[in-house]
Structure formats: structure tokens, C-alpha cells
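**Student:** Submitted below is the structure of interest, expressed as C-alpha cells.
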Number of protein chains: 4
Amino acid sequence: MSVEVYRFEMSAPDDMHSFKQVLQSAAAQDARRLAIVAKTEGTATINDFGRSLASRAIHDALAELGICAHTQIILSMGSEGVISPGGYLFADRAQGEGRFPGLALGTARSQPLPAADLVNDRHIEAMRRTVLQAIDDAGIPGENIALVLAKTPLLTREIAAGLSSEQKGAANSSAMARAAAALGIGIALGEVDPAEATAEAIGKNDELFSRRAMVFSGTETRCCEVIVLGNKPGHLPAMRSGIIADLIDIEGMSRIVTGSADGGIEDARTIAKTGRISAAFLKAGVASNGRLRGNRTTIFSSDLDPDKHMRAAASGALGALLGDTRFFVSGGAEHQAPPGGGIFAVILNRGIDDKDH
Amino acid sequence: MSVEVYRFEMSAPDDMHSFKQVLQSAAAQDARRLAIVAKTEGTATINDFGRSLASRAIHDALAELGICAHTQIILSMGSEGVISPGGYLFADRAQGEGRFPGLALGTARSQPLPAADLVNDRHIEAMRRTVLQAIDDAGIPGENIALVLAKTPLLTREIAAGLSSEQKGAANSSAMARAAAALGIGIALGEVDPAEATAEAIGKNDELFSRRAMVFSGTETRCCEVIVLGNKPGHLPAMRSGIIADLIDIEGMSRIVTGSADGGIEDARTIAKTGRISAAFLKAGVASNGRLRGNRTTIFSSDLDPDKHMRAAASGALGALLGDTRFFVSGGAEHQAPPGGGIFAVILNRGIDDKDH
Amino acid sequence: MSVEVYRFEMSAPDDMHSFKQVLQSAAAQDARRLAIVAKTEGTATINDFGRSLASRAIHDALAELGICAHTQIILSMGSEGVISPGGYLFADRAQGEGRFPGLALGTARSQPLPAADLVNDRHIEAMRRTVLQAIDDAGIPGENIALVLAKTPLLTREIAAGLSSEQKGAANSSAMARAAAALGIGIALGEVDPAEATAEAIGKNDELFSRRAMVFSGTETRCCEVIVLGNKPGHLPAMRSGIIADLIDIEGMSRIVTGSADGGIEDARTIAKTGRISAAFLKAGVASNGRLRGNRTTIFSSDLDPDKHMRAAASGALGALLGDTRFFVSGGAEHQAPPGGGIFAVILNRGIDDKDH
Amino acid sequence: MSVEVYRFEMSAPDDMHSFKQVLQSAAAQDARRLAIVAKTEGTATINDFGRSLASRAIHDALAELGICAHTQIILSMGSEGVISPGGYLFADRAQGEGRFPGLALGTARSQPLPAADLVNDRHIEAMRRTVLQAIDDAGIPGENIALVLAKTPLLTREIAAGLSSEQKGAANSSAMARAAAALGIGIALGEVDPAEATAEAIGKNDELFSRRAMVFSGTETRCCEVIVLGNKPGHLPAMRSGIIADLIDIEGMSRIVTGSADGGIEDARTIAKTGRISAAFLKAGVASNGRLRGNRTTIFSSDLDPDKHMRAAASGALGALLGDTRFFVSGGAEHQAPPGGGIFAVILNRGIDDKDH
């Protein structure tokens, strides 16, 4: 088994030109499994239908090319700042080594969750189990998982009608949906104590957090949907991930890129310049008081959605480090990092040689 | 004469708490001259009245403290991303050395420009002359000017009624107003050939650009208003400025901070960490096709104002370099840099010692 | 005593030209008391500073004209659709009859409310008492009150830190602040049963509602601020008010304008055309499912703030009826009308003759 | 031949539940021709992909039901205020009389227009010819046409690269694209003098206007696409249309609904209440100074798109008249009405009886 990673660009949510090219490069019709992780452009609001459009276009493109492999898709909205709309295709093939011999991929999806099971213990548990299935699917030990990408259902105001007032209070809150899901991932990864990660802790106890999770919420699914990526034992690691202190923590990002506590910015820039980075994922959070390094920002006190501030600013910081804009940046890191922090992950190809390992 | 530089913060456009403190630290009532350059928060749209509110509050604060010194104010709207709302106070004192013995300040303001004189040759000429007056006021040679901060009137649709169709075509365009003003500055600084910088070139001939100008347009003034900053001959330079290739050009920024073509990111970070940077100004532009390093962005193809994308993303890049969010970031670099480029400037205090000179 | 009513226009939140004219027409320096109710333009979001600017400008204008009379000001943000930004000045004079011999005015303001007293029983009680004081101030029986205009503090996220989770859940919610205040008004007017109007009912029990209240929330005050308007016994009524079924209920509006259950749209148009309507106030609500006459709208399912949908649409309906755009329209009618309904009020001058009474 | 009219609702741009129902009611698989005119919800900005999504969903729904009839689709974005997202299906059948025996339908589509043919004489001419074809297709005399619904390509900034500076100046302007198209329609209908309707007049000479046109621009087509509706000679008219003075001109709307210069608002309300109105179309314009009945609005001086102000306000006025929210409302009436005016049209079914004819 080998997993290949491809980057594709989108000139609009339904532009499948580049996506079809990478499907062909990947010989996707012969793949055992596909995973797609992409950012769509649009207003990223309740009435941004770009994600629905992209989803339709992706399914049509797969059908058009006669691709029947199991496919897990995570689409995240919002490409503000210097984010290039587009995404990554992961193709799991039965044989061959490819450029990422050490990369492992697993996917899983839960049953649909009823509204009464959202933003509470049952939500946490459903995500926990789905992550464990995905890890099992990846066939590597849990400690080798570098990144869990998870989509959680959102408790919309519509489906929350008739529920408890606690649940109603969490209705339409992407942050609360992400928070519940992140606790479940943290338990699955052994990073969060299940005794503490209860319904009461969701969105409240910020001492509980995973260190390898990125969670997205959406109305387009009623299931927990999970893609895990990690490193196969006995191979050079293909993936590096970790916590950054805040969204301008370029030194933290550099340590992750270099895989070394001593790795400096220039070292990380060198790796980036030599084309070694095949994929980059950043989930940015900001402390609830809106302060960064002690100074005020307007991230939570403006008419612009906080996630837009975060995505755009983080894209500048990450773009500065990588010298590139083709990456995946998302906002909102509830229980996915300490308050104000974020998660960063990169996939490295073998490149010209293996000097930097 | 000595010029002192103070940073102040704002929790709202009319929050003058920190501003009054720096006025007192500056003994502003004894200053010969004051200059204020600040970013206000708000929606930064046609109906963002935060700038008007800040202007009123600043004048009231000055009056309240009995400060009669000539005061030049440039307020720019928009604090997206991680920009901390606030600004810089420059106080020009008759005596003393202060922390910036090499820093020179000059200001000037033109007569009000009639609508018929906007976005054409007369606009260019008015700005050119105002800049020359400000340089004269600063008392240093033009080549020692590090930064021209200029406010230009905007040709609003309202006042453009009755003008030529060329002028009407430029109505309500901040970009065109900034472009005309930037050409005037470029001529004054000897960076733009006056024979080429004619009305026809405004916003069109992108081979013409200043390298030391940041221009802002606004409806709150009918005059060209200019603040110049530079280095006094015979002193260690207090200010460094230059062109950056694009808004994620962290290496270009580092060369400017270090004042050396060999200055690396780590060197710049070291200067920043030791508290040597008293002020930082960034004007970010993006190529008109919206591409950065060859890749697509949605900067010119979304409902979010292009300047908001730019400010937020640039704040992330600059924040990553400086490890701080208290800086001045603005968008739109027409004729102020090559297409896609920007301008960056820092003021350095003497700090603990002068090792890095 | 007589109360005169003046309309003023604003070309920007700090444009006091028309306001100063009406202050002079009103001989405001001799008034016993003034009340100002106005709509400012702007984005009407958390970072719309137009209201702060207008407030500063109004106080400066009053000071400039040497007016010391007690002045109660209610500024409401948002002039979408065809709403003309501007407002009404009410001047209470010691003598004379004027055009509104039957109009009574009262004002009151509570002590500042601590955060712990917001959006609960104490909030309801504070508003109840303030309304009773204002009615007392107006010197007419409570049943003669036609309209209570009330400003309530908002429980911001900032000041809610440290409060109970119930209160935190209501933080930053204009709707909840308005709801609590409206219950207090309803009790004061005898329209709401105090035994039912408890903390638990706030925003929940929609069978409780006043029929003569318009409530606005804002961060600019910590007090309950109230202006009541009504009809003096023994005079022809100057004011008519009542509930409308929804924001396109032109027949309900017509019954209120005509003061008759049989009053038709044409009758109301006739009154409007003859210049009898000196002021019009509309508070529009929409049922929480976003439906109107059984049909779906996007009022609660778009990126545009629900209040903007409501204000703009209601301005079209009211403009159609009155043939005018100089009126006060606001959105959000929690406990001020039955679900989906609204409140409408007009002040009629004696006009050319009294035929329509 | 008979044309049937069906209304369908949409809970999202890709919700085809109601649309499929009307396709079945219409026995659309047996129709000679179909036309669809709908409003989609979304942000109605450059990156609102709701229209693309709806278009895909409609085509999929037609394919799913095996419908091969020629189908002309006009989708317009923006359902602000009280507009219910949804649309009208027109089904042209070979036989039968139906509820609209007097209604005629015609459609036509031009060849794709190269960018060089947009917003100039060739644009005007292309639209003129397409309208004449559609009228011919409808099989009724031009004077019997009640409404021309036309979609025009937009000259985007992207495709305008390399064109003349006049054309570049009109790039990305929906208003200019609509203006050019409207002149072509006006010529075709004999309402605009072809000698005057030249490139120079586009968007400038506001004395030239059609009285029966509604034009929409979009990036989704490179062709002129036209649907005409009118009344067959020898039948009771099914359709009424005309100019309204402004978007709150409820008396003008009433004259159109009643088909009588003496028709009052109550008469129009009666027709509406009895269910006679099967479709209503309103195109709202506002004078370029933003004034309505002499009073200021913020329609052209706010961050909210002018068309959103217009659509929302017009929906309130029209909703008040019709007591309904299921109608088609659009903004921007360049050369489609005198300055500040608009166009209004209704389709009447025979209803219970024919009393009101």
C-alpha cells in the first residue's frame, strides 16, 4: 500500500479542471480509497452555497471519470487573505512506493447523529469511536497519527427545536460543535482524560485539548466524518505536526517543519524552497479576549466574522514562512490547542534527496 | 531639535486614554510640532464613521490638554487581522536628544483642491509641491527622506458631477486618487520622470512608482496633507525603508529591518526581540490579476474588499516577523511600488546599545 | 405646557445643520425639556461608531447654542432601505399651544445597572420603575400613554464575565436585552402580568407582550432611558398607536393612522397626503421561523443581519403607505408585539383643519 | 397552444422538491417548451455561487424527470427583505386552454458575444435581434408584448483585458451591461429611437428607456437570453405591465394590477386577495443621487450593495400591496424606466370568474 498526495487548484467551486488532472495523475480509478481535503472560496457564511456546489461538482467529476473507489471528502469554506482555493487529493493504492512511502491514511464515518445527540456526551462519544475506526483503518498505532481531520454535524437552530435549553443554547454555534468533536478526538488519541471531557466541559474547560486535531462543522452532514494521516512505523516520517502558540508563531511553525526543537526559520524556509512540502494544514485560534501577545485585536469585536480575520492573518504568516499560498488554513481551534494556540501540520515528500532527515 | 516617537493604543476610535498618556509623556504642550499617524477600527467602508469619531476625539483631547502646537494628523481606517488599533505620536521638540537623535520630521498641507484639479496633472502637481514643502520643513536633503505619508482628497461621485468623463470615470476610486498622489510624490523624490507622470499615466503606467511613499485617500480632507520622516545627515540612521516584492516577502522585510542586503529573518527577529523597533509601517499591494507567486487568490474576486484581504494577510506576515501586532498596515500600493509589491519602513530607537549598526 | 415636534435630516451622523435649525425653530434654549429620537446611518454592527459620533455632535450642537434644558436622547442605528437618516426633536415649552395641544411628553432615566442586574428580574423591575417615573413626568394617566420609547443597556460579553451561565448565555444579545426591558414596560403599562413576567419568561414566553413599547439596546448606556408620549385628557388625541400583524400589514397601519377600525388604506393615504402626519414610528418583528404569511423568507438564514432585512422591508411598506421616507423604523419586537407582529405609531398635527377627527 | 404558469418555492438553491412537483403538475415532459424565471438566495455578490448551484440542480432535476423540451432559464440572485426564494415555471403546451388562455410566451438566445462586442453598439444590436426573434417565437405582435425578461453577459475585468479604454471603463459593471441590453430591447419594442441609442448613450442618456423590459446581467452566460411574455390578440389579457414612479409607488402598482387609470389600492388588494395574481415581477430603480420623493436615502452611500437596499425595500412595498411574499423582485432599472422609476408586471389567472375585466 502507498498513499500519494496531489495538490489541485480551483478557479471557482465548480472548476474541476485541475481536480480531474490530479485524478488522472493518481490513476484514481485504480485506487483502493480516496480522500479529498479542500478549501472553497465564497463568503463562508450561512448562505454561502459554494461548498454545496463544489461537492456536487466533485461527485460529478468522479462519476464522469468512472471512479468508484470509496471517497471521503472534507470541504471547508473560506479562502480569505492569500489562501489559494483548492485542495489535496490522497490516493491509496494497492502497490508501489511513490513519493510518500511512510504516509498512512485512514477514513471512517459514523451513523447519522440525531439532533438530541449533538453537543453533549453522545457527540463526544460518537466522534471518539469514529476516530478509533479511522485509526484502525489506517493500520498504524494511535501514537503515529499526525493529524485527524474531522467534520462534525452542526446543531442548527432548526433541528434544535424541542431539545433541552442547554442544547438550544449551543444551536447554530460552529464553535460548540467543533468543541464537542475535538474532545472526542482528544480522548481517542489519549490526549484528553475521558473523565473530564464531559458535556459540561464542552467549550468551557480550555485545559482539555487534543494536539493533533482539526475539526470543521457543517450543515451538509449528519455524520462524524474522519480522515486520519500518520506515519508508518519503520519508515522515514512523511508527516510532522504540532501545536503553535498563536497564529503568528513562525518559530513554532519552523520547529514543526524541520522536525527539530532547534529548527530555525531559515531552516524551515530552506525546506520549503526545495519543494519538500507537499501539503500544509493550519488551524488558527485566538484567545477569547481577542488579544495576541498581550495586545488588542478586533477579531472578536468587528462585523467581520472572527474566522475571516484568523484565516486571512494566518495565511499571511504561513505564506511568509513557506513562500507559497497553496495551503489549507482554517479558523477556530476549540479544544484543538491551548487557548489562543493552533495546530500546524506538513506532509514532506522525499524530494531530491533525504538530506534533511 | 529632536523628534520623539510614541505608540498609543485605542480600545475604540474615541478611546483617548492611551493617547492622552503619550501626549503627557511627550510633554506635547511644549512641542514645536506634532504629527499623528493612526489606524482606526471599523468597517472601513464608505459609511464607517469611526475615523470621523477618532478625529473629533483627538481634537477634543488636544484641546482638553491645552495643546496648541501645529498638529498634522493622518488617520487610516481598517484594523483587520491582527492589527492592534492605535497609532504613533511624533513630537518635535526644540531641544534635547531623546531616543531618536537621527530622526527628522516635516509636515505640509496644500490649499484645498477644487474637484476639477483631482485625478489629473494638477493633482500630481499639487502633491509634488506639498511634498517638497514638507521636505523643506524637515530640513534634510530629499535623498535622506525615508518615508512620505500622504493623505489625498478623494474625487467623490458627488463632487465629480459636471466634470469631464475622464474624471467622472475616476470618481469614488480610492485607487485612482492614491495613484495620482503617488506620482506627485515620486516626482518630488526624483524617483519618477515628470515627463512620463502625466494624467494619462495615472493608474495605468505601472512602471512609474515611488519607493518611499504611502498614500491614503479620504473624504475628510480637500487638501494634500503630508508627513515626511527621514534621517538627519551626520547621525546614525533612525529609519529604514524600502520596497518589498509582495506582502509575504518576509526576506525583503528582513533586509529592511536589518539595513543590510545580507540581513536574514533571524537577524531581523533579533532586532525586533530586543525592542529596537519603535514603529513599523507597511503598505501592501497585490497585482491586479490577484495572483501571488503565480498562484490565484480571491483578493479581487470576493465580496470582501480587497484592502481587507491585504491588510489582514499582511498583518499576519508582519506579525510573524516582528512578534508584535502594534504596527501600521495599509492596503493599496498604486505607483508606490512595482505591481504586486509594497513598501515597508521601520523606526529604530537606539535601544540598549548600537551594536547592530 | 405644550410639546412641539420637529423633524430634522442628517447627511451624515455628525451633520447638525438641520438639527440646529430645528433647535432654533423650537426656541430650544427656552424649553423646559427636550427629547430627541433619531436613526443614524452606518453598518449598524458592533463596530458601527456612527451613533457615538452623532451623540458627540448632538451634545456639541446643544452646547454651541447654549441649550441647558434637560435632554433625553435615543439614537438607534440603521437606515437601510428607503429610511431617511434623521430624527425628531420634542420640545416641551412652559406655555403656548402649538400644533400639538393634546400631546404629552415624559422622560426618565434609571440609575446605572450593574451587569448582574441585566436580563433577569432586576432588569425587568428597573425598566418598570423607570417607565412609571416617565409616565408620572408626563402628567397623564397610564392608559393615555401611546408610545414608550426605551433604551436598555446591553449585557456585553465583556461585562458578563463572572456572571451566572444563564446570564452569560444572554451576553451580547440585543434581542434578550430588549426582551427583558419590554416585559418591564408591559408591567408598567398593565399589559403584562407581573406574576408571569419573570426571568424565565424573557425571550421565551411570547404570549407576554406590551402593545405600546419600542425598545432599543445599546452599549452606550448603563441606564434604562425612557421617553413616553401620549395624549392629554380633554384634548383631541395627537397620537395613535397599535399592533400590526406583520411588517407588510398595510391595513393594520391604516387603521392606526385613521384611528378607526374601518379606516382603509385610501383613507390613511389621504391623511398622509394632507401633511397631517408629523412623526411615524415603526418597530418590525418577524416570527422566529422566518416565515411571513406562511411563506419562507431568508431573514434569519442569510449573512445579512435580520434587523437589516426587517428595517429595509418595513421602510418599503411604510413608505408605500405614507408616500414619504422620513420616518423612524427599527427591527426586533420581542415582547413588544405578538410573534411576527410589530408596533406602529403616528403623531398627527392639527393640520389645516380637523376634518378627519 | 397554451401557456401554464406555476410558482415553486426553494428552501435552498439546490432544493428542487417544489420545482419537481410543478414539473409534474405541468406534465412538463410533454411540453413544447419551458421557461423558468427564479430568484435564488445568497449574498448576491461576485462570489455568491448559489445561482450556479441552482442552475446545476435545475438541469439535474430536468434530466432526472426525462424532460427534453427546449428550456430557457433566467436566474437572478438576491432574496433580501421579505422575498421568498423561488420562481415561476412556464410550460407551453401543444393543446388545451388552461388558466391563461390569453398568455403568449416566446424565447430566444443569441450566439455567444465576444468581449469586444459588449457594452457598445454591437451589444445593443445583438439584444435587439434576440428580442425580435423571441417576439417572433411568441407569435404575437410586438405591441402585445407585456414583458421582456432578458439576461445579458457581463463584461468582466478578466475578459476586458486588451479592449479599448471605453470598454475597460465599463468592466465589471452590471449597470452598464444592463444599460446596453435595455437599449437594444427598447429599440426592438419601438420605444427607443435607434438613432439615439448608440454606444455613447449607454448609461448616460436617461431619456431613453424601454417600458416593458427587465434586464439581468450575469457571468454565467456569453449570450443574450430572452423570454418574452404577452397577450394574444382576441383573448382577455392575461398580463399587465407598466412603469412605476419609484419603488414605493403603490398607486402606480395598483393601476397596473387593476388595468385601469382609476384603479385604487383597495381595488388592487381585492384582486390580490381573490387569488387572481399568478405571478408578479418588479424591477426597482433609484435615482442616481439616492433621493426618493426629494429625501435622502443611503442606498448609494452605504457598504450595503444598492441592489440589496432596493430589493428589500421594494419587497416591503409590493408585499404590502399583494399581501404575499412569493414574487420576483430585482434591482437596477437602467434604461428600463425613467430615472428613479421601475417596471411592474403581473400575470392574472381567470380566477373564479372574470368580473374584474
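The values are calculated or read from the model by the stated rules, or taken from the named source; none is laboratory data. Just so it is clear, the model here is predicted, and its values are computed rather than measured. Cβ atoms come from the backbone with ideal geometry, glycine included; neighbour counts cover every protein chain shown.
**Student:** Does any residue of the range A:18-39 turn out to be in a loop (DSSP other than H, G, I, E, B) and either under 25 Å from A:D324 (Cβ atoms) or basic (K, R) (or both)?
**Tutor:** Pass one, the range A:18-39, residues in a loop (DSSP other than H, G, I, E, B): A:26-27, A:31-32.
Filter once more, keeping what is either under 25 Å from A:D324 (Cβ atoms) or basic (K, R) (or both): A:26, A:32.
Scanning the range A:18-39 turns up at least one residue that is in a loop (DSSP other than H, G, I, E, B) and either under 25 Å from A:D324 (Cβ atoms) or basic (K, R) (or both).
**Student:** Collect the residues in the range B:264-307 that are under 20 Å from B:K39 (Cα atoms) and at the interface with chain A (Cβ under 7 Å from one of its Cβ atoms), keeping them in residue-number order. I'd like the intermediate steps shown before the answer.
**Tutor:** Of all residues in the range B:264-307, those under 20 Å from B:K39 (Cα atoms) come to B:277-285, B:304-307.
Selection gives B:L304 alone.
**Student:** Report yes if some residue within the range C:168-191 is charged (D, E, K, R), more than 13 Å from every other protein chain (Cβ to nearest Cβ) and over 18 Å from the mean Cα position of the chain (by Cα); otherwise report no. Give the steps one after another, and end with the answer.
**Tutor:** Pass one, the range C:168-191, residues charged (D, E, K, R): C:168, C:178, C:191.
From what's left, more than 13 Å from every other protein chain (Cβ to nearest Cβ): C:178, C:191.
With over 18 Å from the mean Cα position of the chain (by Cα) added as a condition, the list becomes none.
Within the range C:168-191 (the criterion being charged (D, E, K, R), more than 13 Å from every other protein chain (Cβ to nearest Cβ) and over 18 Å from the mean Cα position of the chain (by Cα)), the answer is no, since none of the residues qualifies.
**Student:** Give the residues of the range B:209-221 that are modelled with pLDDT under 95 and in a loop (DSSP other than H, G, I, E, B), sorted by residue number.
**Tutor:** Matches in the range B:209-221: B:T219, B:E220, B:T221.
**Student:** When residues of the range D:278-289 are filtered for being touching a residue at least 12 places away in the same chain (Cβ under 8 Å) and either part of a loop (DSSP other than H, G, I, E, B) or over 30 Å from D:G98 (Cβ atoms) (or both), how many remain?
**Tutor:** Qualifying residue count, the range D:278-289: 5.
**Student:** Of a type outside the set (G, A, S) and within 22 Å of the chain's Cα centre (by Cα): is that true of A:I265 in this structure?
**Tutor:** Working: of a type outside the set (G, A, S): yes; within 22 Å of the chain's Cα centre (by Cα): no.
In short, no.
**Student:** Let me ask something else about it. Which residue pairs have Cβ atoms closer than 8 Å, lie 6 or more positions apart in sequence or on different chains, and pair a first residue in the range C:162-189 that is modelled with pLDDT under 95 and of a type in the set (D, E, K, R) with a second residue that is part of a helix (DSSP H, G or I) and buried (at least 19 other Cβ atoms within 10 Å of the Cβ)?
**Tutor:** Note: pairs meeting the criteria are C:K168/C:A160.
**Student:** Separate question: Taking the conditions exactly as written (at pLDDT 95 or above and crowded, with 24+ Cβ neighbours inside 10 Å), does B:S79 satisfy them or not?
**Tutor:** Against the criterion (at pLDDT 95 or above and crowded, with 24+ Cβ neighbours inside 10 Å), B:S79 qualifies.
**Student:** Continuing with this model, one more query. Quick one: which residue in A:Q167, A:Q133, A:Q111 is farther than 27 Å from A:I36 by Cβ and surrounded by fewer than 22 Cβ atoms within 10 Å (Cβ to Cβ)?
**Tutor:** Just a single option satisfies the conditions, and that option is A:Q167.
**Student:** Right, another one. Answer with yes or no whether B:D246 is in contact (Cβ under 8 Å) with a residue 40 or more places away in the chain, within 13 Å of chain A (Cβ to nearest Cβ), outside any helix (DSSP H, G or I) and within 27 Å of B:T43 (Cα to Cα).
**Tutor:** When the stated conditions are applied, B:D246 passes them.
A quick yes/no check of all residues on (1) more than 21 Å from C:N144 (Cα to Cα); (2) in contact with a strand residue (DSSP E or B) (Cβ under 8 Å, 6 or more places away or on another chain); (3) of a type outside the set (S, T, N, Q):
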| position | (1), (2), (3) |
| --- | --- |
| C:E207 | yes, no, yes |
| C:T221 | yes, yes, no |
| C:G230 | no, yes, yes |
| C:M253 | no, yes, yes |
| C:E266 | yes, no, yes |
| C:K273 | yes, no, yes |
| C:G285 | yes, yes, yes |
| C:S288 | yes, no, no |
| C:R293 | yes, no, yes |
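**Student:** Another question, if that's okay. How about the range D:89-101: which of its residues are in contact with a helix residue (DSSP H, G or I) (Cβ under 9 Å, 6 or more places away or on another chain) and either modelled with pLDDT of 95 or more or within 14 Å of another protein chain (Cβ to nearest Cβ) (or both)?
**Tutor:** Hits for the range D:89-101 are D:L89, D:A91.
**Student:** Further, regarding this structure: How many residues, within the range B:76-125, are part of a helix (DSSP H, G or I) and either in contact (Cβ under 8 Å) with a residue 24 or more places away in the chain or among the small types (G, A, S) (or both)? Don't jump to the end; show me each part of the working.
**Tutor:** So in the range B:76-125, the residues part of a helix (DSSP H, G or I) come out as B:115-117, B:121-125.
Of the ones still in play, those that are also either in contact (Cβ under 8 Å) with a residue 24 or more places away in the chain or among the small types (G, A, S) (or both) are B:115-116, B:121, B:123-125.
Selection size over the range B:76-125: 6.
**Student:** Another question about this same structure. Is it the case, given these coordinates, that A:G186 is assigned to a loop (DSSP other than H, G, I, E, B) and not β-branched (V, I, T)?
**Tutor:** no
**Student:** Kindly indicate whether B:F19 is away from chain D (no Cβ under 14 Å), in contact with a helix residue (DSSP H, G or I) (Cβ under 7 Å, 6 or more places away or on another chain) and aromatic (F, W, Y).
**Tutor:** yes
**Student:** Scanning the range D:18-40 for residues that are under 20 Å from A:D48 (Cα atoms) and either basic (K, R) or in contact with an Asp or Glu (Cβ under 9 Å, 6 or more places away or on another chain) (or both), which turns out surrounded by the fewest Cβ atoms within 10 Å (Cβ to Cβ)?
**Tutor:** Filtering the range D:18-40 for residues that are under 20 Å from A:D48 (Cα atoms) and either basic (K, R) or in contact with an Asp or Glu (Cβ under 9 Å, 6 or more places away or on another chain) (or both), the one surrounded by the fewest Cβ atoms within 10 Å (Cβ to Cβ) comes out as D:K39.
**Student:** Would you be able to say whether some residue in the range C:136-158 is modelled with pLDDT of 95 or more, in a strand (DSSP E or B) and within 14 Å of chain D (Cβ to nearest Cβ)?
**Tutor:** No, the range C:136-158 contains no residue that is modelled with pLDDT of 95 or more, in a strand (DSSP E or B) and within 14 Å of chain D (Cβ to nearest Cβ).
**Student:** Then there is this: Answer yes or no: is there a residue in the range D:303-322 that is hydrophobic (A, V, I, L, M, F, W, C), touching a Lys or Arg at 6+ places or on another chain (Cβ under 9 Å) and outside any helix (DSSP H, G or I).
**Tutor:** yes
**Student:** Take the residues of the range B:299-309 that are within 25 Å of the chain's Cα centre (by Cα) and within 15 Å of D:R157 (Cβ to Cβ): which is surrounded by the most Cβ atoms within 10 Å (Cβ to Cβ)?
**Tutor:** So in the range B:299-309, the residues within 25 Å of the chain's Cα centre (by Cα) come out as B:299-300, B:304-309.
Restricting the remaining residues to those that are within 15 Å of D:R157 (Cβ to Cβ) gives B:299-300, B:306.
Working: B:I299: 29, B:F300: 17, B:P306: 20.
Restricting to residues being within 25 Å of the chain's Cα centre (by Cα) and within 15 Å of D:R157 (Cβ to Cβ), the top hit is B:I299.
**Student:** Just to be sure, is D:S260 more than 14 Å from chain B (Cβ to nearest Cβ), among the hydroxyl-bearing types (S, T, Y) and free of Cβ contacts under 8 Å to residues at least 60 places away in the same chain?
**Tutor:** yes
**Student:** Could you grab the pairs with beta carbons closer than 6 Å, sequence gap of 6+ or different chains, first residue in the range A:39-55 and within 11 Å of chain C (Cβ to nearest Cβ), second one in a strand (DSSP E or B)?
**Tutor:** The qualifying pairs are A:G42/A:M77; A:A44/A:M77; A:D48/A:M77.
**Student:** In this structure, does A:A314 turn out to be at the interface with chain B (Cβ under 7 Å from one of its Cβ atoms), in contact with a strand residue (DSSP E or B) (Cβ under 6 Å, 6 or more places away or on another chain) and buried (at least 24 other Cβ atoms within 10 Å of the Cβ)?
**Tutor:** On the way: at the interface with chain B (Cβ under 7 Å from one of its Cβ atoms): yes; in contact with a strand residue (DSSP E or B) (Cβ under 6 Å, 6 or more places away or on another chain): yes; buried (at least 24 other Cβ atoms within 10 Å of the Cβ): yes.
Yes.
**Student:** D:P85: closer than 30 Å to A:G42 by Cβ and either within 14 Å of chain B (Cβ to nearest Cβ) or buried (at least 24 other Cβ atoms within 10 Å of the Cβ) (or both), yes or no? Write out each step before concluding.
**Tutor:** On the way: closer than 30 Å to A:G42 by Cβ: yes; either within 14 Å of chain B (Cβ to nearest Cβ) or buried (at least 24 other Cβ atoms within 10 Å of the Cβ) (or both): yes.
Criteria met by D:P85.
**Student:** Given the conditions (1) assigned to a strand (DSSP E or B); (2) at pLDDT below 95, report the number of the one that B:T43 does not fulfil.
**Tutor:** Every condition holds for B:T43 apart from (1).
**Student:** When you scan the range A:217-225, do you find a residue that is under 16 Å from A:R128 (Cα atoms), in contact with a Cys (Cβ under 9 Å, 6 or more places away or on another chain) and either without any contact (Cβ under 8 Å) to a residue 24 or more places away in the chain or crowded, with 20+ Cβ neighbours inside 10 Å (or both), even just one?
**Tutor:** Within the range A:217-225 (the criterion being under 16 Å from A:R128 (Cα atoms), in contact with a Cys (Cβ under 9 Å, 6 or more places away or on another chain) and either without any contact (Cβ under 8 Å) to a residue 24 or more places away in the chain or crowded, with 20+ Cβ neighbours inside 10 Å (or both)), the answer is no, since none of the residues qualifies.
**Student:** Would you confirm whether any residue within the range C:322-339 is among the aliphatic types (A, V, I, L, M), farther than 16 Å from C:M214 by Cβ and facing another protein chain (nearest Cβ under 8 Å)?
**Tutor:** So far as the range C:322-339 goes, no, none of its residues is among the aliphatic types (A, V, I, L, M), farther than 16 Å from C:M214 by Cβ and facing another protein chain (nearest Cβ under 8 Å).
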